[in-house]
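Read the figures in this text as sums done on the coordinates, not as results from a lab. Predicted, not measured: the structure shown is a model, and the values here were computed from it. FYI the Cβ positions are ideal-geometry reconstructions off the backbone, even for glycines, and counts take in every protein chain you see.
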Amino acid sequence: MTLDQGDGGLRPSLTPPDFPSALAQPRHAVPAAIPAPAVSPAPVPVPVPPRRGRTAPVWIGGILVFVLVGLVGYFLNALGPGASLLGMILALIPLAVVLFAVRIADRWEPEPRNLVIFAVAWGAIAAVAIALGVDLVLSFVFGTAATVQSEAFAAIVQAPVVEEFGKGLGVYIIFLTARRAFDGPIDGIVYGALIGAGFAFTENIQYFAVSFLEGGAADTSVTFFMRGILSPFAHVMFTSVTGFALGLAARRGVRAGRAIGPWVIGMIGATTLHALWNASAVLGNFWGLYLTLQVPLFVGFILGVLALRREESRLTRRRLGEYADAGWFTAQEADMLATGPGRKAGLAWARTLRGDRTPVMRGFIADATALAAARQRAISGRDPHAAEDERVLLERATAARAALFAP
């Protein structure tokens, strides 16, 4: 904390000296000087960036497959194959909408496909299994007597705490095992949103199937409207809070152990939002709270993501500008690669080239964006392998430019 000179004398400043803004990253280390570009184009084939630090452990995937078998058996036994299939088909609709929206948010620097699949699978399998397991244990210990008080407690306290822990655990696992693909708040929001989308998918299967069994098409339609139309982004928004907190920790170079604090704070925020949502349905006027609380929260969530996207663009432009100063790009290329309008113009130009070189331009943009992220990790001092990434990505960018300008 620093002291600012104001009208009343010295007063504490809310912005520490190392952080010019709440989203800024301190300079923990002096990165290596950017090497001069080679005179000749990079050799073919171009190198592939190493996967180390960008994938989830394979053994966790094996556990997820094992748990999936148990979940399928549970649903078939409890709901029957027909209702389960109907619920799954209906649940795919809001899932597709959510994944499309997340794809748009993640378009600037797409996350590795294997981590996208892992995040959705964790939410749909592991987080659901954790919630069901806790529910079964509590039912065994305290019995299954249903009262108004017990149902309210389960909806407002138990479900938010247990479910957000299960989903938040998946975000923390990605943070631990794939730190080189977890660069900042946007990445955290994307991983949290994907896990929330997976969880909502499996939960919707159960809700839709039970509605069909108990009330037929009429009840199923109402349930689909409430969950698939009015609130497809509820779980997405909740768990994104946890991802945002871990994303800030990643940007500031926080290590695994010290990230537990931000992780817990993020889950508290996610649990609070989840509890407010459930309370509006159990205790209050749902429609009134939906319009006055939930809709403004969602609008604020969207505006926050847009602001973070703008920050990512600014950061990318700054880092690529450093490579332009070293001779790897021209200033015009840096603007093209680091701005939305510039990328659109670059893709349009690539389509006019012989053979339509749009795929080459897309690769050029992706590698340049990844290069800026690698440079940022080097500056923060949190990635000892950033120099290796830089070398590979510079070779790939050089090869892509040569391919674009080839006759």
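Which stretch or stretches of the range 228-257 have amide N atoms under 16 Å from the point lying 7 Å from residue 322's Cα along the Cα→Cβ direction? The answer is 251-253.
Peptides 171-180, 131-140 ranked from most to least packed, by the mean per-residue count of other Cβ atoms within 10 Å: 171-180, 131-140. For the range 292-407, what class follows from the C-alpha gyration tensor (a ≥ b ≥ c being the square roots of its eigenvalues): rounded when a/c is under 1.5, otherwise prolate if a/b is larger than b/c, else oblate? It comes out oblate by the Cα gyration axes. Summed over qualifying helices (DSSP H, 4 residues or more, each -39500 (n - 2.57)) and divided by its residue number, the chain shows a 222 nm mean residue ellipticity of -23000 deg cm²/dmol.
Compute the relative contact order of the range 292-407 as a whole-number percentage, counting only Cα pairs closer than 8 Å that sit 6 or more residues apart in sequence. Present the calculation step by step, with values, prior to reporting the outcome.
Values: 84 pairs, mean separation 24.1, N = 116.
For the range 292-407, the relative contact order is 21 percent.
Here the contact order of the chain, divided by its residue count and restricted to Cα pairs under 8 Å and six or more residues apart, works out to 22 percent. Distance from the C-alpha centroid of the range 111-154 to that of the range 321-335: 50 Å, rounded to the whole angstrom. Packing, as the average of other Cβ atoms within 10 Å across residues, places the peptides 233-246, 202-215, 383-396, 365-378 in the order 233-246, 365-378, 202-215, 383-396, highest first.
Decide, for the chain, between rounded, prolate and oblate: order the square roots of the alpha carbon gyration tensor eigenvalues as a ≥ b ≥ c, take rounded if a/c falls under 1.5, and otherwise choose prolate if a/b is larger than b/c, else oblate.
On the way: a/c = 2.12, a/b = 1.60, b/c = 1.33.
Prolate.
The protection proxy used here, the mean number of other Cβ atoms lying within 10 Å of each residue, ranks peptides 339-352, 117-130, 310-323 as follows, highest first: 117-130, 310-323, 339-352.
Give me the extension gain from residue 362 to residue 69: residue separation times 0.36 nm, minus the current Cα-Cα distance, reported in nm with one decimal. Working shown, then result.
Details: separation 293, 0.36 × 293 = 105.48 nm, distance 3.87 nm.
Residue separation times 0.36 nm, minus the Cα-Cα distance, leaves 101.6 nm.
Can you give the extra length, in nm with one decimal, that the chain gains between residue 100 and residue 138 once fully stretched, where that is 0.36 nm per residue apart less the Cα-Cα distance? Don't skip to the answer; put the middle values down first.
Values: separation 38, 0.36 × 38 = 13.68 nm, distance 3.67 nm.
Gain on extension, residue 100 to residue 138, equals 10.0 nm.
Maximal additional length on extending the residue 78-residue 93 stretch stands at 3.1 nm, based on 0.36 nm per residue less the C-alpha distance.
To the nearest 0.05, how large is the calculated FRET efficiency for residue 85 and residue 154 if R₀ is 22 Å and r is the Cβ-Cβ distance? The value I calculate is 0.20.
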